[in-house]
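Below is one structure, written out as structure tokens, with a few remarks after it.
The values are calculated or read from the model by the stated rules, or taken from the named source; none is laboratory data. All values derive from a computational prediction rather than experimental measurement. When we count neighbours, we look across all protein chains shown, and the Cβ atoms used for this are built from the backbone with ideal geometry, even at glycine.
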Amino acid sequence: MMMPLSLADKLQLLIEEGQMQASKLKHPIVTELVQEGIITDVRSGRTKSTLVLSNATALHNYLFNKCGITDLKDYILTLKNADALRADIIEVSSNSKSVSRRTFKGFLINSYLPIECTLNGQPFLVHPDEGTFQFVSNYEQFIPAHDVVIVGVENAELFTHISRVSDLFNEMKPLFICRYPQEQSKDVMKWLQLMPNRYLHFGDFDFAGINIYMQEYKKHLGERASFLIPDGIEVLFEKHGNRKLYDGQHLNDNLIDESAVKELISKIHKHKKGLEQEALLIGH
């Protein structure tokens, strides 16, 4: 994906200043960055809106994975050079080995319990061997039993070792899904909107994680969606919380009315730390 110079300039300014009027930063890429929780749309009144950079590291990762841009400043300088050769522009923006490409339709699933489903109208059991996953391509015809809880796991390490935190899902039939690689995220959301099952979001316990949940899942799934908040999370904030995840992220919590998420936000403010979900693997 070739990023236009005008957008690259504005994103660089956003990185430097931390925020920008939404009216000055309009582009499908920006919309996706908001959906990912990398940029937060902070509204004041009905029409005024400010875009705030929530996670600078995630933005740099996005630019590399989606646009092949390893250094935004170098990319801008190259495009501004009137004598720049086409080969130079290709080198900084669309290296064939660094730009992600759509490969397969579908997404990864996992479970440490046998989960009954149907696929193409036939019985289908989800129960991969330890160390393996299953990949569902024809997801429109993939239907879990009605009492299965679909759990979206944001962290690849936890998705891989989900059985180590099985105590979080007692008295539940959990089917774990992964929206990464990033190109699979739209397929995940399309499928979730087709399913009547309860959805439980297992993300990071910081403002970026809450942004992803609210903007990508809750607003589409409504009351079917909830955010996983483990018992004893305050102890984890004290032991493994990260102050940088608090100081470097922003959240517009005026639009949040989910009591459990509000309580989580209060804990984050109390400890002035964020917590990455892989901290739950410690001690398991």
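So here's what we get for this one:
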{"read-out": "Within the stretch 13-31, tally of residues that are in a helix (DSSP H, G or I), under 22 Å from the mean Cα position of the chain (by Cα) and touching a residue at least 24 places away in the same chain (Cβ under 8 Å)", "value": "4"}
{"read-out": "All positions within the stretch 32-67 that are of a type in the set (A, V, I, L, M), out of contact with any Gly (no Cβ under 9 Å at 6 or more places or on another chain) and assigned to a strand (DSSP E or B)", "value": "39, 42, 51"}
{"read-out": "Residue check, residue 216 under 27 Å from residue 42 (Cβ atoms), among the acidic types (Asp, Glu) and touching an Asp or Glu at 6+ places or on another chain (Cβ under 9 Å)", "value": "yes"}
{"read-out": "Long-range neighbours under 6 Å by Cβ, at least six apart or interchain, first residue on the phi < 0 side of the Ramachandran plot within the stretch 149-173, second in a strand (DSSP E or B) and of a type in the set (A, V, I, L, M)", "value": "149/200; 150/175; 151/200; 152/177; 159/153; 172/149; 173/148"}
{"read-out": "Checking residue 95 against (1) in contact with a Gly (Cβ under 8 Å, 6 or more places away or on another chain); (2) surrounded by 15 or more Cβ atoms within 10 Å (Cβ to Cβ); (3) at pLDDT below 85, the condition it does not meet", "value": "(2)"}
{"read-out": "Options 50, 57: the member that is closer than 30 Å to residue 254 by Cα, of a type in the set (Ser, Thr, Tyr), under 18 Å from the mean Cα position of the chain (by Cα) and at pLDDT 80 or above", "value": "57"}
{"read-out": "Entirely in the stretch 173-275, the helices (runs of 4 or more DSSP H) that have 3 or more residues that are surrounded by 14 or more Cβ atoms within 10 Å (Cβ to Cβ) and more than 18 Å from the chain's Cα centre (by Cα)", "value": "233-240, 259-271"}
{"read-out": "Tally of residues being of a type in the set (A, V, I, L, M, F, W, C) and surrounded by fewer than 19 Cβ atoms within 10 Å (Cβ to Cβ) across the stretch 128-144", "value": "2"}
